[in-house]
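All remarks here apply to the structure that follows.
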Amino acid sequence: MKPLTSTVTDTALVFEGGGMRAAFSSGFSTVLLDHDLHLPWVGGISAGSSCTVNYVSRDRVRAERTFVDIAAHPNFGGWRTWVAGKGLFNAEWLYQHTSRPHQPLPLDMTTFAASPAEVRVGAVRCEDGEMVYWGREDLTDLDYLALRVRASSTMPLLMPLTTIDGVDYCDGALGPTGGIAVDAAMRDGYDRFLVVMTRERGYRKPPAKFPPAYRTLFRRYPAVAQAILDRPDNYNRTLDELFELEREGRAYLVFPDRMPIQNSERRVPVLRSVFRAGRAQAQREVGAIREFLGVA
């Protein structure tokens, strides 16, 4: 295999989550790959963790299938799988089965492992609400990687909790940044960021509704209930911090011009249109991105 290299040395790439809204991010990421823009640090939370894996493994086809074609598969999920305890998104199948050879989303672990990029995938530990980021040392084979991407993407109530080594985890979007892994990039020494978001620029997250209901539903894990209630403030504060980094010239923020879907969208034609919109926007912005990255 030809050695893989990074073409950018000083900027971290961060993918926001957002369920099937990440069809936009996936389309955007394929244009980065088309232009050989390979960043040295890549991190994501929730659906952003899947975008991270697809980008690092340099797999344009899988990027599209992960957030478009897979929604048509009969095992994808729905109310029947939710009632059966498998999740509104059929979590075990979607994350741990589809990535294997000869399955709908086979993952090229050889290329993923050969990439020089530092990788971070984040989830929340349910017992104390602490954010946990896994890196290369934790993502050494397909099973380890798939389980941690599943943990990062485990939306409480909609999907069963993910257990790793006897510890339950849920969606990293409940962490202190509201689901944007810029904190992990900073801890790893980066101070310049390319951040791909899945909401329009003017979006602000509203307060959580019915706080007592969350405290009742998560009696076993009160830290998860508190994280759900804290998420709007955390998310909006992180947005403010990102805008400040943008004003300082330290961040290039990508917001979709339009986001017409919710995180549970499963209509393939609609998802494909969002994917294509991500590609089209990236093609329009790639010149500005190259300038920001200092790539001729």
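The values are calculated or read from the model by the stated rules, or taken from the named source; none is laboratory data. As the structure is a computational prediction, the values presented were derived from the model and not from experiment. Cβ coordinates were reconstructed from backbone atoms using ideal geometry, including for glycine residues, and neighbour counts include every protein chain displayed. In case anyone asks, the SASA skips ligands and DNA or RNA and just uses the protein heavy atoms, side chains included. Shrake-Rupley method; radii C 1.70, N 1.55, O 1.52, S 1.80 Å.
Which one of 94, 105, 32 is touching a residue at least 60 places away in the same chain (Cβ under 8 Å) and of a type outside the set (S, T, N, Q)? Before you say what the answer is, go through the steps one by one.
On the way: 94 fails: touching a residue at least 60 places away in the same chain (Cβ under 8 Å); 105 fails: touching a residue at least 60 places away in the same chain (Cβ under 8 Å).
Only one candidate passes the filter, namely 32.
Of the numbered conditions (1) of a type in the set (Gly, Ala, Ser); (2) open to solvent by 50 Å² or more (accessible area, probe 1.4 Å); (3) at pLDDT 95 or above, residue 296 fails exactly one; give the number of that condition.
All conditions pass for residue 296, except number (3).
Against the conditions (1) under 30 Å from residue 136 (Cβ atoms); (2) open to solvent by less than 60 Å² (accessible area, probe 1.4 Å); (3) not in a helix (DSSP H, G or I), where does residue 245 fall short? Just the number, please.
(3)
Among the residues of segment 18-43, what is the count of those that are open to solvent by 10 Å² or more (accessible area, probe 1.4 Å) and in a loop (DSSP other than H, G, I, E, B)?
Here the count works out to 5.
It is to be established whether one or more residues within segment 56-63 are touching a Lys or Arg at 6+ places or on another chain (Cβ under 7 Å) and either buried (at least 21 other Cβ atoms within 10 Å of the Cβ) or at pLDDT below 95 (or both).
Here is the first cut: in segment 56-63, the residues touching a Lys or Arg at 6+ places or on another chain (Cβ under 7 Å) are none.
Looking for residues that are touching a Lys or Arg at 6+ places or on another chain (Cβ under 7 Å) and either buried (at least 21 other Cβ atoms within 10 Å of the Cβ) or at pLDDT below 95 (or both), one finds none in segment 56-63, hence no.
Residues that are among the aliphatic types (A, V, I, L, M) and in contact with a strand residue (DSSP E or B) (Cβ under 8 Å, 6 or more places away or on another chain): does segment 96-116 have at least one? It would help to see each step written out before you state the result.
Initial filter on segment 96-116 (among the aliphatic types (A, V, I, L, M)): 105, 107, 109, 113-114.
Still in the running and in contact with a strand residue (DSSP E or B) (Cβ under 8 Å, 6 or more places away or on another chain): none.
Checked against the condition, which is being among the aliphatic types (A, V, I, L, M) and in contact with a strand residue (DSSP E or B) (Cβ under 8 Å, 6 or more places away or on another chain), segment 96-116 yields no hits at all.
Among the residues of segment 206-236, count how many are open to solvent by 30 Å² or more (accessible area, probe 1.4 Å) and in contact with a Gly (Cβ under 7 Å, 6 or more places away or on another chain).
Of the residues in segment 206-236, 2 are open to solvent by 30 Å² or more (accessible area, probe 1.4 Å) and in contact with a Gly (Cβ under 7 Å, 6 or more places away or on another chain).
Just the residues that are touching a Leu at 6+ places or on another chain (Cβ under 6 Å) and either in contact (Cβ under 8 Å) with a residue 60 or more places away in the chain or under 19 Å from residue 22 (Cα atoms) (or both), please, taken from segment 127-153.
145 - this is the single residue of segment 127-153 that is touching a Leu at 6+ places or on another chain (Cβ under 6 Å) and either in contact (Cβ under 8 Å) with a residue 60 or more places away in the chain or under 19 Å from residue 22 (Cα atoms) (or both).
Sort out which residues of segment 67-86 are open to solvent by 20 Å² or more (accessible area, probe 1.4 Å) and either over 21 Å from residue 144 (Cα atoms) or assigned to a helix (DSSP H, G or I) (or both), and write them in order of number. Before the answer, list the steps.
Of the residues in segment 67-86, the ones open to solvent by 20 Å² or more (accessible area, probe 1.4 Å) are 69, 72-75, 79-86.
Of everything in segment 67-86, those that are open to solvent by 20 Å² or more (accessible area, probe 1.4 Å) and either over 21 Å from residue 144 (Cα atoms) or assigned to a helix (DSSP H, G or I) (or both) turn out to be 69, 72, 73, 74, 75, 79, 80, 81, 82, 83, 84, 85.
Which residue pairs have Cβ atoms closer than 9 Å, lie 6 or more positions apart in sequence or on different chains, and pair a first residue in segment 254-266 that is within 21 Å of residue 283 (Cα to Cα) and surrounded by 15 or more Cβ atoms within 10 Å (Cβ to Cβ) with a second residue that is modelled with pLDDT of 95 or more and of a type in the set (S, T, N, Q)?
254/25; 254/281; 255/198; 256/25; 256/198; 256/281; 259/198
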